[in-house]
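Structure first, commentary second.
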Amino acid sequence: METLSDAVLQREEAEAQRGIGDAGERSWKNLERKSSFQEGAGQEIPGNERQFQDLSLPNEAGESKKGNAEEEMVPALVHRSGKYKGEEMQKETVMMELTGLVQKAVNESSWWERRGIDCAILTAAFLSLPAGFLLLGCSHTLLFSLGILVMGTAHAVITVKGTHLASHGSLSESQAWGRFWAVFFIELCGSFTARAGVQAHIKVHHAHTNIIGLGDSSTWKLPSLPRYVYMFVAPLAVPIITPVVALGLLKDLSMGIALRALCMITLGLYSQYWLLLHLSGFQSPVSALLCMLLCRAAFSLPYIHVNIFQHIGLPMFSPSRRPSRIHQMTHGVLNLPRNPLLDWTFGHSLINCHVEHHLFPFLSDHMCLKVKPIVSRYLREKRLPYQEDSYLSRLRLFLREYEELMVLAPPITELVGIQ
């Protein structure tokens, strides 16, 4: 009975958050709600097992208390489960109150604030591509270097910010256009499969943030690599690894989706290669391929760093003792400070508004920035953590404790009162 109540509470939270998003958001929220309901229904009330064990202990006369179990068990369990349910109710109320504040800010915002600013940034990145190709054709070292910078920045904006927003359906209110942009940005521009990308990011990472064995960021770990190789050399291979991994995932997709992904990835890679040969004037295929690698790897180091800095090293949770959503996200997510370059290339939701993004994943980058003061103030008022740290501080931490954070298994952190 109590597990059903817990599940209903989780479902109410998902329903409250559903009001923020559009039709595409609602479809995913329903899926998330269903998953949360199933997980919640399988949880046990902490202390029940021990309560039953205590009731079966023998008394001084050597007689078991089991005969009086019916008399002693009911008030004890009612007290424990009632207290537990009260704590959960309070946590859900906090989440719904915060959702109401954020929803009010979203409703008062214009389309330009909700989506237009981020769409304009992506458009500017595409408009800068012709200049980048022309600069790469210059023989002057300074102009060629400027071309690398322009192409590298544009590629980061399109393949990091663009793919991230597209995977969340944040670029359009239409589900059909949302699917189109997901294929366009993730497959054509990002050289990965849209189906696998959305599955891994939305349905695993966001639904199970810092849950051991599910969303614990273990996919970013390569224990066989030394710390300096992993932190400063291996990320440069991301442009090569990404399409290779995508090809390996095609076997798990249906024939039609796999064929579409293969065509889109091939078209995206070949388009840049062809333009380097015919627009930039590269004389050999090898030089064109090396230039592609250089441009695509320009922001690979901060890309890997950001992905590990904001979750690994923070509290992890057991799948069987999941905290409430607001406690899960406030304890397991960290914000980096404002960074003019990374804010524009990766987006606010991946840099300085990552906590807000995990609480309200369908908000655009600019809307995450707009609600940031509301979220931070509310969490501090409720004495919940609002974790922030600098890029250099996290870098020093990972270099100093690389063995513990990136090689050994992550510890399960049990937070008293939120299991």
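The values are calculated or read from the model by the stated rules, or taken from the named source; none is laboratory data. These numbers come from a predicted model, not from an experiment. For neighbour counting, all protein chains shown are included, and Cβ atoms are generated from backbone atoms with ideal geometry for every residue, glycine included. Only protein heavy atoms, including side chains, enter the accessible area calculation; ligands, DNA and RNA are left aside. Shrake-Rupley method; radii C 1.70, N 1.55, O 1.52, S 1.80 Å.
Is one or more of the residues making up segment 165-187 among the polar types (S, T, N, Q) and over 25 Å from residue 371 (Cα atoms)? Give the steps one after another, and end with the answer.
Step one: of segment 165-187, the residues among the polar types (S, T, N, Q) are 167, 170, 172, 174-175.
Subsequent filtering for residues that are over 25 Å from residue 371 (Cα atoms) retains none.
No, that holds for no residue.
Can you name every residue in segment 105-130 that is open to solvent by less than 30 Å² (accessible area, probe 1.4 Å) and closer than 20 Å to residue 373 by Cα?
105, 106, 109, 115, 118
Could you list all residues from segment 131-152 that are open to solvent by 70 Å² or more (accessible area, probe 1.4 Å), in a helix (DSSP H, G or I) and out of contact with any helix residue (DSSP H, G or I) (no Cβ under 7 Å at 6 or more places or on another chain)?
The answer is 134, 141, 142, 149.
Could you tell me whether residue 207 is closer than 18 Å to residue 349 by Cβ and not polar (S, T, N, Q)?
yes
With respect to residue 82, is the statement that it is within 27 Å of residue 207 (Cβ to Cβ), surrounded by fewer than 14 Cβ atoms within 10 Å (Cβ to Cβ) and modelled with pLDDT under 95 true?
Numbers: within 27 Å of residue 207 (Cβ to Cβ): no; surrounded by fewer than 14 Cβ atoms within 10 Å (Cβ to Cβ): yes; modelled with pLDDT under 95: yes.
Answer is no for this residue.
If a residue must be free of Cβ contacts under 8 Å to residues at least 40 places away in the same chain and part of a helix (DSSP H, G or I), how many such residues does segment 111-129 contain? Show your work before the answer.
Initially, segment 111-129 is screened for residues free of Cβ contacts under 8 Å to residues at least 40 places away in the same chain, giving 111-112, 116, 120, 123-129.
Checking which are part of a helix (DSSP H, G or I) leaves us with 111-112, 116, 120, 123-127, 129.
So the count comes out to 10.
Applying the selection to segment 202-227, what residues are among the hydroxyl-bearing types (Ser, Thr, Tyr), free of Cβ contacts under 8 Å to residues at least 60 places away in the same chain and in a helix (DSSP H, G or I)?
Across segment 202-227, the qualifying residue is only 219.
Considering only segment 169-187, state which residues are under 23 Å from residue 117 (Cβ atoms) and either touching a Leu at 6+ places or on another chain (Cβ under 8 Å) or surrounded by 18 or more Cβ atoms within 10 Å (Cβ to Cβ) (or both).
Within segment 169-187, 169, 170, 171, 172, 177, 178, 181, 182, 184, 185, 186 qualify.
Filter segment 220-235 for residues that are of a type in the set (A, V, I, L, M, F, W, C) and either under 22 Å from the mean Cα position of the chain (by Cα) or more than 17 Å from residue 306 (Cβ to Cβ) (or both); which is least open to solvent (accessible area, probe 1.4 Å)?
Taking segment 220-235 as the starting set, the residues that turn out to be of a type in the set (A, V, I, L, M, F, W, C) are 220, 222, 225, 229, 231-234.
Right, trim to either under 22 Å from the mean Cα position of the chain (by Cα) or more than 17 Å from residue 306 (Cβ to Cβ) (or both) and you get 220, 222, 225, 229, 231, 233-234.
Details: 220: 71, 222: 84, 225: 48, 229: 56, 231: 0, 233: 85, 234: 29 Å².
Per the stated criteria, the residue is 231.
With the requirement that a residue be among the charged types (D, E, K, R) and open to solvent by 90 Å² or more (accessible area, probe 1.4 Å), what does segment 237-295 give you?
If the condition is that a residue be among the charged types (D, E, K, R) and open to solvent by 90 Å² or more (accessible area, probe 1.4 Å), then 251, 252 are the ones that fit.
Report, by residue number, each residue of segment 187-219 that is touching a Lys or Arg at 6+ places or on another chain (Cβ under 9 Å), among the aliphatic types (A, V, I, L, M) and over 17 Å from residue 319 (Cα atoms).
194
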